[in-house]
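Notes follow once the structure below has been shown.
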Amino acid sequence: MPGIRKSLLQLIFSGSFMKRWNDKLRPMELMEVDKQAHKMIVAWMLFELNTREMSAEERLAIGERIVEGGIFEYLYRLVITDIKPPVFYQIKANPAHYRQLTDWVLDRLKPRVECLGTPFWDRLRLWLDHPEEGDLARRILDAAHSYASRWEFHLITHVQNYDDELEEIEESFRGQLETHRDLEGMPELLQGTGSHLGRLAHLSGQLRFQKRWSQTPRVPETSVLGHMFVVACFGYFFSMAVGACRARAQNNFFAGLVHDLPELLTRDIISPVKRSVARIGDLIREYEFKELERRVFAPLEKGGYRDLAERLSYFLGLDVGSEFESTVILDGLIREVNWDQLQTAYNQDRFDPKDGKLLKVCDNLAAFMEAYTSLRNGISSDQLQQALWRIRSEYQQTSLGEGVHIGALLADFD
């Protein structure tokens, strides 16, 4: 049975330190974890649109490859760090050189990833060993990667002095995106904010500007966007550890990936404020719903993407009042269920299950990592210390099943 270790959580979180475009003048620091989050949100949109006519089984197979392929590529990127794209593409074009680099990457990943089990490791090796495969999942990930990287690139172009690489980089992105124009949704994404789909992708990218713990000095200063990706990865790994069915694991990843999307409309209001001020949580939720309807759901439906809007609503738990409620779909209706029901009777693909308790645990674990890492880097404050104490206390006795004890996992962070 797959397990979760401290080193795996730290590996995923390490992308919060990894800077992008660090050979260019930047108006702000651009971090790898933020780009990965933006990429996977776009990949989810393309996945939903390009599998509309497929059977449930086909959709699940492609969804699994997209989720895991995105994670595999992120892990690869964490190891090769600062190799510039033109250099990496030259290495990739030479099978022998790429093989050597990939073997080196796998050697460094194995100690951290092998706790997830041999099947996961085998899928990781297979994905990285065959980058030339051009199935739908890889094409969607490639398109999403190019979109998110180009969106990021446009943030820095207007502040550059003369740089003879800029035109070449722009042309490269344009060429990469054009090769995927036949994918459903790509023409609209390439229109940018001129299309309803492009506006949603653009709004999602803006969450990189929104810092968490905004009044608390921290190292690193994580964004809402990057936090969502960390929660998504944690959600997928914990889903594996508790034996979740394929649909539940994918839903947990995508739900984690968008769970803080409403904060684009309200900013990151910290939990103590929501809990301490009477009715403020309810008022915030009501405002979020109105703004989501006006700025996200209504435009998607107007643009012919009602199914995308419905799926996003399911992940955000709008029908049940919270993204942290466990749900299934029975006879076409969304129903709340408890943890035991989700683990037994409803842990089947046909019920389209989504965890609430598990995602809440992952959300708090990501917050714990943010506070813990900052303290380890010498940045201390009452807010960070209190956050660690609160999360340790809350989960000291929490178990998600055999071999998945949250209190024991947190005890490793000393």
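The values are calculated or read from the model by the stated rules, or taken from the named source; none is laboratory data. What you are looking at is a predicted structure, and each value in this text was computed from that prediction instead of being measured. For neighbour counting, all protein chains shown are included, and Cβ atoms are generated from backbone atoms with ideal geometry for every residue, glycine included. Calculation scope for accessible area: heavy atoms of the full protein, side chains included, ligands and nucleic acids excluded. Shrake-Rupley method; radii C 1.70, N 1.55, O 1.52, S 1.80 Å.
For the range 346-366, the criterion of a residue being assigned to a helix (DSSP H, G or I), of a type in the set (G, A, S) and either touching a helix residue (DSSP H, G or I) at 6+ places or on another chain (Cβ under 7 Å) or surrounded by 20 or more Cβ atoms within 10 Å (Cβ to Cβ) (or both) is satisfied by at least one position.
Criterion applied to Y89, Y147, Y98 was being in contact with a Leu (Cβ under 7 Å, 6 or more places away or on another chain), hydroxyl-bearing (S, T, Y) and in a helix (DSSP H, G or I), and the one residue passing it is Y147. Taking first residues from the range 377-388 that are β-branched (V, I, T) and partners that are modelled with pLDDT of 90 or more, the Cβ contacts under 9 Å between residues at least 6 apart in sequence or on separate chains come to I379/R218; I379/V219. Within the range 193-222, residues that are closer than 17 Å to K19 by Cβ have Cβ atoms under 7 Å from residues that are open to solvent by 10 Å² or more (accessible area, probe 1.4 Å) and in a loop (DSSP other than H, G, I, E, B) in these pairs: K211/E221; R218/I379; V219/N377; V219/I379; P220/F17; T222/R212, counting only partners at least 6 apart in sequence or on another chain. When every residue of the range 57-80 is checked against the conditions, none turns out to be in contact (Cβ under 8 Å) with a residue 40 or more places away in the chain and not in a helix (DSSP H, G or I). Tell me whether the range 395-407 contains one or more residues that are out of contact with any helix residue (DSSP H, G or I) (no Cβ under 7 Å at 6 or more places or on another chain), surrounded by 13 or more Cβ atoms within 10 Å (Cβ to Cβ), touching a residue at least 24 places away in the same chain (Cβ under 8 Å) and not in a loop (DSSP other than H, G, I, E, B). No, every residue in the range 395-407 fails to be out of contact with any helix residue (DSSP H, G or I) (no Cβ under 7 Å at 6 or more places or on another chain), surrounded by 13 or more Cβ atoms within 10 Å (Cβ to Cβ), touching a residue at least 24 places away in the same chain (Cβ under 8 Å) and not in a loop (DSSP other than H, G, I, E, B).
So that you can scan it fast, the table gives a plain yes or no per residue for (1) part of a loop (DSSP other than H, G, I, E, B); (2) open to solvent by 10 Å² or more (accessible area, probe 1.4 Å); (3) of a type in the set (D, E):
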site	(1), (2), (3)
S7	no, yes, no
K24	yes, yes, no
P27	yes, yes, no
H38	no, no, no
E53	yes, yes, yes
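Checking each residue in the range 283-298 for being buried (at least 18 other Cβ atoms within 10 Å of the Cβ) and modelled with pLDDT of 90 or more picks out V296, F297. Taken across the range 171-185, residues that are open to solvent by 10 Å² or more (accessible area, probe 1.4 Å) and in contact with a Leu (Cβ under 8 Å, 6 or more places away or on another chain) do occur, with at least one present. Among the residues here, E133 does not qualify as charged (D, E, K, R) and either under 22 Å from L225 (Cα atoms) or part of a helix (DSSP H, G or I) (or both).
Among the residues making up the range 21-42, those that are out of contact with any His (no Cβ under 7 Å at 6 or more places or on another chain) and under 25 Å from R65 (Cβ atoms) are E32, V33, D34, K35, Q36, A37, H38, M40, I41, V42. Residues in the range 318-336 that are without any contact (Cβ under 8 Å) to a residue 60 or more places away in the chain and surrounded by 21 or more Cβ atoms within 10 Å (Cβ to Cβ): S326, T327, V328. Within the range 254-276, the set of residues being within 15 Å of D34 (Cβ to Cβ) and modelled with pLDDT under 55 comprises just one member, D268. Across the range 303-337, the number of residues qualifying as among the polar types (S, T, N, Q), modelled with pLDDT of 95 or more and in a loop (DSSP other than H, G, I, E, B) comes to 1.
R181 fulfils the conditions (1) part of a loop (DSSP other than H, G, I, E, B); (2) in contact (Cβ under 8 Å) with a residue 24 or more places away in the chain except for a single criterion, (2).
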